[in-house]
Amino acid sequence: MNLEHLRIFTHAAELGSFTKAAGALGLAQPTVSRIISELEEEWGGPLFYRTGRGATLSELGQEALGKAQALLRDFEQISEDLRAFGRLPNGNVSIGLPPSLIPSVLPDLLNQLLRDRPGIRLRVYEGFSEQIERWLSDGTLDLGIASKYGTDDKPHEHPPKGGALMLSSRLVLAGRAAGWTLPPEIDFPQLAGIPLVLPAIPNGLRMVVEAVAKRMKLKLSIIAEVDSILAQRELVLNCGCYILKAPHTFAVEEREGLLASSVLRNPCFNRHAVLMTGQQPLSRASRDVAGRVTAILRRLSRR
């Protein structure tokens, strides 16, 4: 017995005629009769009752038909899966990114997909970590990058469930390069009196900065609460204020001499980028995108 024998048997059963089955399969009628007889001999009983108007299934034949159809369906699915494996991944992938990582991650990711995976279409959601985690939990996103903050004396403990730590960086104080006089590294207490622009609570960065300031009994001069990265940039360049950021955020502005920065210390502040997945198993396209995002973040960490 082989799969071709099962196909011949199922055709004969479904059509109720050896002659019709032979015609549908492009075989001679005696060939169909011979194979059915061989199956009956192997399975130990008649599969059909022959009548003048065709053939009807016996009790054994009815049992055999259900099992043969299931086996053929499984084989077809295996064949389709293997054929699909040889094709490039395709489909929609929803990914959430924090504003600070969009310039560093998104152009590189999209250019790779356009070059290597034209069948994958990104749906990009911009949001802070709390939003991204909500979108992952409710199924809006397939993938998301969340930012977790800590200090050297109180590091962020572990990536959340379903997350993998991809990138760690020390935060810096940044401001307009023109007239910059601060040293390469500054102690956190030196922020007192410096006009700061920070995101609003419950942003993770804001909360860890506030916690350290409270512990040190330090009063910060927060002149504006601004969540938008682009708005922060405009305020720094045009209003003489300062922001706290990861080194790769506004890297172009620093290379062009528009912004300058000093690394915070005592304590050092760390930003951890965590790649997270949603509740459902990832598709091949989502796994492909996740691998590319991981590689991009790891390249950033080596800079």
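The values are calculated or read from the model by the stated rules, or taken from the named source; none is laboratory data. Just so you know, these numbers come straight off a predicted model, no measurement behind them. Reconstructed Cβ throughout: ideal geometry from the backbone, glycine too, with neighbour counts over all protein chains shown.
Some points to look at:
- Of everything listed in (1) of a type in the set (A, V, I, L, M); (2) under 30 Å from Val93 (Cβ atoms); (3) modelled with pLDDT of 90 or more, the single unmet condition for Leu237 is (2).
- Some residue of segment 98-114 being modelled with pLDDT of 85 or more, aliphatic (A, V, I, L, M), over 23 Å from Arg299 (Cβ atoms) and within 14 Å of the chain's Cα centre (by Cα): no
- Within segment 115-153, the set of residues being buried (at least 22 other Cβ atoms within 10 Å of the Cβ) and either at pLDDT 95 or above or out of contact with any helix residue (DSSP H, G or I) (no Cβ under 7 Å at 6 or more places or on another chain) (or both) comprises Ile132, Leu136.
- Search result, residues across segment 182-196 that are assigned to a loop (DSSP other than H, G, I, E, B) and free of Cβ contacts under 8 Å to residues at least 40 places away in the same chain: Ala192, Gly193
- Within segment 34-76, the residues that satisfy the criterion of being assigned to a helix (DSSP H, G or I) and surrounded by 17 or more Cβ atoms within 10 Å (Cβ to Cβ) are Ile35, Ile36, Leu39, Glu40, Gly61, Ala64, Leu65, Ala68.
- Residues of segment 1-21 satisfying the condition of being over 22 Å from Phe75 (Cα atoms) and outside any helix (DSSP H, G or I): Gly16, Ser17
- The listed residue being out of contact with any Asp or Glu (no Cβ under 8 Å at 6 or more places or on another chain), assigned by TED's automatic domain parsing to the domain that holds Leu122 and surrounded by fewer than 16 Cβ atoms within 10 Å (Cβ to Cβ), out of Arg255, Arg299: Arg299
- Any chance Ala231 is at pLDDT 90 or above, assigned by TED's automatic domain parsing to the domain that holds Asp138 and under 30 Å from Asp142 (Cα atoms): no
- A single member of Arg265, Arg271 is among the basic types (Lys, Arg) and at pLDDT 90 or above, and it is Arg265.
- Hits in segment 22-33 (condition: in a helix (DSSP H, G or I) and either touching a residue at least 24 places away in the same chain (Cβ under 8 Å) or more than 12 Å from His5 (Cβ to Cβ) (or both)): Ala22, Gly23, Ala24, Gln29, Pro30, Val32, Ser33
- Of note, Gly204 satisfies the criterion of being closer than 24 Å to Glu126 by Cα, of a type outside the set (Val, Ile, Thr) and either surrounded by fewer than 20 Cβ atoms within 10 Å (Cβ to Cβ) or under 30 Å from the mean Cα position of the chain (by Cα) (or both).
- If the condition is being at pLDDT 90 or above and outside any strand (DSSP E or B), then segment 172-181 contributes Ala177, Ala178, Trp180, Thr181.
- Filtering segment 258-292 to residues that are without any contact (Cβ under 8 Å) to a residue 24 or more places away in the chain and crowded, with 19+ Cβ neighbours inside 10 Å leaves nothing.
- Residues in segment 78-130 that are part of a helix (DSSP H, G or I) and basic (Lys, Arg) were compared, and the one that is farthest from Tyr149 (Cα to Cα) is Arg83.
- Residue satisfying condition, being in contact with a helix residue (DSSP H, G or I) (Cβ under 9 Å, 6 or more places away or on another chain) and within 30 Å of Arg284 (Cα to Cα), within set Leu15, Leu6, Leu72, Leu39: Leu72
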